Structures are given as C-alpha cells and as structure tokens.
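These notes are about the structure you will find just below.
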Amino acid sequence: MAFALLAIAVWLNAATLIEAYGSGPPYHGRTTNMDKWTNPLPWLIPLDVVVTTVVLALAYLACPYQVVRFKSNAW
C-alpha cells in the first residue's frame, strides 16, 4: 500500500510539474497565457508532506523487527 501511495504521489508530482514548467520559453506548458499561469508548488508541497508521513508510518508499522522493551520486575 505504501508503494502504491508513493507511486501515485510521484506520478502526480511529475505530471503537474511537467505541465506547469513544460518545454519552451518560460513555462509554456499547456497554458501559454502567462497571466493565467499558476504555481503548483503551494499545494504540491503540503501533499508531499502528508504522503511522506503516511508512507513512513506504514513502513514503521510493517517493520517486523521493531524493538520491544519490557519493564523488568527483577530486583
């Protein structure tokens, strides 16, 4: 699940950034009117932070070698 979520996030980032900063003189992408161009980073960065947090949490929960510390009752 973590790999699928990470793959979707990478695909979304790549597609959005390629469209926004496409080839050609400054940022032609699909919108050639620069007055209508919007920067995708203000919504991509929080999305990446959330996806990274969820992927790390899933990886931590799936790790079979978690250290378990027991409280010792021995004197």
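The values are calculated or read from the model by the stated rules, or taken from the named source; none is laboratory data. Source: prediction; values computed, not measured. Here the Cβ positions follow ideal geometry from the backbone for every residue, glycine too, while neighbour counts run over all protein chains shown. Calculation scope for accessible area: heavy atoms of the full protein, side chains included, ligands and nucleic acids excluded. Shrake-Rupley method; radii C 1.70, N 1.55, O 1.52, S 1.80 Å.
Okay, here's what the table says:
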quantity	calculated
Test result for residue 22, at pLDDT below 75 and touching a His at 6+ places or on another chain (Cβ under 9 Å)	yes
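To keep it simple, each residue is scored yes or no on (1) modelled with pLDDT under 75; (2) open to solvent by less than 60 Å² (accessible area, probe 1.4 Å).
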residue: 3; (1), (2): no, no
residue: 13; (1), (2): no, yes
residue: 27; (1), (2): yes, no
residue: 36; (1), (2): yes, no
residue: 64; (1), (2): yes, no
residue: 68; (1), (2): yes, no
residue: 72; (1), (2): yes, no
